[in-house]
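We did not get these values from a lab; they are worked out from the coordinates using the rules stated. In this text, all values refer to a predicted model and were calculated from it rather than measured experimentally. As a convention, Cβ positions derive from the backbone with ideal geometry for all residues, glycine included, and neighbour counts pool all protein chains shown.
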Amino acid sequence: MKRKVNEMNTIDAALVLVDISGYTRFVNFHSVSQVHAEEIITQLLEAVIDAAEFPLVLNKLEGDAVFLYTNASAGPHDRVAKDVLNQVNGLFSAFRAKQNELIDGGRNGCPCDACENIDTLKLKAILHFGNVVVKQIRQFTELAGNEVILIHRLLKNSVGMPEYMLITDAFLKLSSVPKGWAGQAVTEKYDDLAEVTGQAFPVQYGAPVAERKATLMPREVVGKVDRKLWWAQLPKRLFGKRAFKNLPG
């Protein structure tokens, strides 16, 4: 039987990389705290993904980050870029809404380190536009090329803000930002890549982070009672979710 040749082509694409800041420290807990930390991160990432609307689609999950893209080859690039920018602004709102929901809910009064530090998690997004290679390997769609490498390198940058939207000039040439946004000029240079310029904008949240509610039970109780409840419910919370929408293909 002749093996199917993997498909490959190039497209112009708007690329979006959304990353949760503080992830490493947040999940660096033990026992119940670590389980809760991963569940919290999962719910926040799910909220971000579910807020994306076609033609912005999910390419892959990357630990604490979400990589999305829009195929712009068939449509006016400026319209695609403006739609993506508006959507990314909405992703921040979805993140904050879920974050406040988790805090307001008190996580069943759990006093573990993870549940008491949900408010420390921040979100940042990188927006870029360029030509990428699309590889179809079996049922998987992989984006490749210099522009994909670049947007991932941009996660390590000189921006000093805790939460921001970093937009490259390649993207800004196609879409202006809303009136009133004040950007910080950014220039980054990475090995084997051309110098990249852009602007970083502070997040325009409509609501502040909610205040943590008082703990309803002591830590020692969590270790004896609440732990059993969380472990019993974990499969349903992690694997009983509906399928993500806006997947490629």
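Taking a straight line from the alpha carbon of residue 179, these aspartates and glutamates sit under 20 Å away, with near neighbours fewer than eight places off in the same chain left out: 78, 83, 163, 169. Taken one residue at a time, the phi angles of the range 148-155 give Karplus couplings (6.51, -1.76, 1.60, θ = phi - 60°) of 5, 4, 4, 5, 6, 5, 5, 5 Hz. Gly and Pro are set to x.
With each label modelled as a point 7 angstrom along the Cα→C-beta vector, the residue 149-residue 24 pair spans 2.3 nm. 3J(HN,Hα) couplings calculated from phi for the range 192-198 with the Karplus curve 6.51 cos²θ - 1.76 cosθ + 1.60 (θ = phi - 60°) are, in sequence order, 6, 10, 5, 4, 10, 10, x Hz; Gly and Pro show x. Charge tally around residue 147: other residues with Cβ under 15 Å, Lys/Arg +1 each, Asp/Glu -1 each, net -3.
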